[in-house]
1. Of the conditions (1) surrounded by fewer than 21 Cβ atoms within 10 Å (Cβ to Cβ); (2) of a type in the set (S, T, N, Q); (3) without any contact (Cβ under 8 Å) to a residue 40 or more places away in the chain, Ser109 fails just one. Which one is it?
2. Report, by residue number, each residue of the stretch 61-91 that is in contact with a strand residue (DSSP E or B) (Cβ under 9 Å, 6 or more places away or on another chain) and under 17 Å from Met1 (Cβ atoms).
3. Given the options Pro89, Pro66, name the one that is assigned by TED's automatic domain parsing to the domain that holds Pro212 and touching a Pro at 6+ places or on another chain (Cβ under 8 Å).
4. On the given criteria, is Ala178 at pLDDT 95 or above, crowded, with 21+ Cβ neighbours inside 10 Å and touching a Leu at 6+ places or on another chain (Cβ under 9 Å)?
5. Counting only residues that are of a type in the set (A, V, I, L, M, F, W, C) and loosely packed, with under 12 Cβ neighbours inside 10 Å, which one in the stretch 32-68 is nearest to the chain's Cα centre (by Cα)?
6. So, Ala206, is that one outside the structural domain of Ala27 (by TED's automatic domain parsing) and modelled with pLDDT under 80 or not?
7. Please specify each residue of the stretch 1-27 satisfying the condition of being within 26 Å of Leu113 (Cβ to Cβ) and surrounded by fewer than 17 Cβ atoms within 10 Å (Cβ to Cβ).
Amino acid sequence: MLVLAVDTATDTGGAALVRDGALVAEATFRLPSRHSVELVPAIAWIMERAGVRAADLDLVGCAAGPGSFTGLRMGMAAALGLARAAGKPCVGVPSLAAVAYPFLTPGASVTALIDARRGRFYAQSFGLGEGGNVEPRGAPECLTLDELSIRISAPTLLVGDPADTYRSELAHIFGDRALFPPPGLCYHRPQVLGILAQNQFENAGADEPVRPVYLQATGEIFAPPRAAGERNA
């Protein structure tokens, strides 16, 4: 299965072509506020270099959130537009699961973080489930670092862009409960989103509408209501 993955949920964005989990081509950039300028050329670049046309794709995956309000909607619009034009299915992948997935190991806890601005962070903990699947441990929430520290009582690997940007603050608040990957490796990649998109499609298909999901400060999940006549690709 050949998957095009599009991710603009955070400051780190990009696109990847993934064939049965293996990377074909990828373009990743960390250029805040420039996703709308960089994304479409990035998609065109990887498809041209790989000799792939839209008709060759089997699936399009995109970040479903939580994340940047504008970034999510822009990336999702690009993914849905391409999928519909090519007559291909499209699935939305939970952003925090994509952040956590590369770091999952048996028996360990991984907590994925995305900067929600104004001192808050989207956060969710995961473990490695049966068959190597991502296993959520609790619902995603929008929290301050102090609130997050209260939620987590055992050591956890903190990943995502904030685990680099706010490493000293996290280490101070969490103490010996905070574990980190090497500096510079905390961010996520579009390839991972492509892997999870294929897994999700093979397990559940693409019957659900693709819509951005946001979190309020209380942790309550909400999504824009489905428009009349809206359908998935």
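1. (3)
2. Gly61, Cys62, Ala79, Leu82, Ala83, Ala86, Lys88, Pro89, Cys90, Val91, listed by residue number.
3. Numbers: Pro89 fails: touching a Pro at 6+ places or on another chain (Cβ under 8 Å).
Residue meeting the stated conditions: Pro66.
4. So Ala178 does not fit the description; no.
5. Initially, the stretch 32-68 is screened for residues of a type in the set (A, V, I, L, M, F, W, C), giving 37, 39-40, 42-47, 50, 52, 54-55, 57, 59-60, 62-64.
Keeping just the survivors that are loosely packed, with under 12 Cβ neighbours inside 10 Å gives 37, 55.
Numbers: Val37: 20, Ala55: 25 Å.
For the stretch 32-68, the residue satisfying everything is Val37.
6. no
7. The answer is Gly21, Leu23.
One line per residue, one yes/no per condition, for (1) outside the structural domain of Ser68 (by TED's automatic domain parsing); (2) touching a residue at least 40 places away in the same chain (Cβ under 8 Å); (3) crowded, with 22+ Cβ neighbours inside 10 Å; (4) over 21 Å from the mean Cα position of the chain (by Cα):
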residue: Phe126; (1), (2), (3), (4): yes, no, yes, no
residue: Gly131; (1), (2), (3), (4): yes, no, no, no
residue: Ala139; (1), (2), (3), (4): yes, yes, no, no
residue: Ile152; (1), (2), (3), (4): yes, yes, no, yes
residue: Leu157; (1), (2), (3), (4): yes, yes, no, no
residue: Asp161; (1), (2), (3), (4): yes, yes, no, no
residue: Glu169; (1), (2), (3), (4): yes, no, no, yes
residue: Ile173; (1), (2), (3), (4): yes, no, no, yes
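The values are calculated or read from the model by the stated rules, or taken from the named source; none is laboratory data. Just so it is clear, the model here is predicted, and its values are computed rather than measured. Every residue, glycine among them, receives a Cβ derived from its backbone with ideal geometry; neighbour counts consider all protein chains shown.
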